[in-house]
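Sharing a structure, written as structure tokens. Questions coming.
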Amino acid sequence: MNEVVVLKSQLTNHRVDLQDCTIFYQQSRLESSSIPILFLHGWGISTEPYTEVLKLLALYHTIIAPDLPSFGRSTYSELIPDYVSYSKFLLSFLEVLDLQQFHVVGHSFGGGIAITLSTFVR
């Protein structure tokens, strides 16, 4: 007899106020043995289109997926002009979350930020 196993992953909604900005982010459970994955979405959208993928990743990994400033449910009154500025902003975000170590995955515009962010983190 074949048995179907249903795995449940859960992403919870959070927000943090940072530099005149409110950052909305989704997070799965934090596993002490797991290095979190920071997921960065593409330009002009939010994390919402990636929800199903994020839920699948959350079955096996700790996920942190922010809506970048001025996108989705994150607010910011100014335009962040370049990858370096986004990376510095995200470093402040990660500091607030007290993340010392993380993997980063970025799609499209988020990929450019991920590459730049990696040059700031050792």
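Quickly run through region 44-56 and pick out the residues that are without any contact (Cβ under 8 Å) to a residue 40 or more places away in the chain and either β-branched (Val, Ile, Thr) or within 14 Å of residue 104 (Cβ to Cβ) (or both).
45, 47, 53
Then there's this: Checking the structure you have, find out if any residue of region 49-68 is modelled with pLDDT of 95 or more, touching a strand residue (DSSP E or B) at 6+ places or on another chain (Cβ under 6 Å) and within 13 Å of residue 18 (Cβ to Cβ).
yes
Consider residue 98 against the criteria (1) more than 16 Å from residue 12 (Cβ to Cβ); (2) touching a residue at least 12 places away in the same chain (Cβ under 8 Å): it satisfies all of them except one. Which criterion is unmet?
Result: residue 98 fails condition (2) only.
Please determine whether any residue of region 34-42 is of a type outside the set (Gly, Ala, Ser), more than 23 Å from residue 10 (Cβ to Cβ), at pLDDT below 95 and exposed (fewer than 14 other Cβ atoms within 10 Å of the Cβ).
For region 34-42, residues of a type outside the set (Gly, Ala, Ser), more than 23 Å from residue 10 (Cβ to Cβ), at pLDDT below 95 and exposed (fewer than 14 other Cβ atoms within 10 Å of the Cβ): absent.
Follow-up question, since we're still on this one. Could you check how many residues of region 21-45 are under 17 Å from residue 112 (Cβ atoms) and assigned to a loop (DSSP other than H, G, I, E, B)?
Here the count works out to 5.
Checking residue 82 against (1) touching an Asp or Glu at 6+ places or on another chain (Cβ under 9 Å); (2) surrounded by fewer than 17 Cβ atoms within 10 Å (Cβ to Cβ), only one condition comes out false. Which one?
(1)
Does residue 60 satisfy the condition of being over 17 Å from residue 120 (Cα atoms), of a type in the set (Phe, Trp, Tyr) and within 13 Å of the chain's Cα centre (by Cα)?
The answer is no for residue 60.
If you don't mind, there's one more thing I want to ask. Can you name the residue in region 65-79 that is farther than 15 Å from residue 107 by Cβ and not polar (S, T, N, Q) and is also surrounded by the most Cβ atoms within 10 Å (Cβ to Cβ) among such residues?
So the residue we want is 69.
The values are calculated or read from the model by the stated rules, or taken from the named source; none is laboratory data. Here the structure is a predicted model, which means the values were calculated and not measured. Cβ coordinates were reconstructed from backbone atoms using ideal geometry, including for glycine residues, and neighbour counts include every protein chain displayed.
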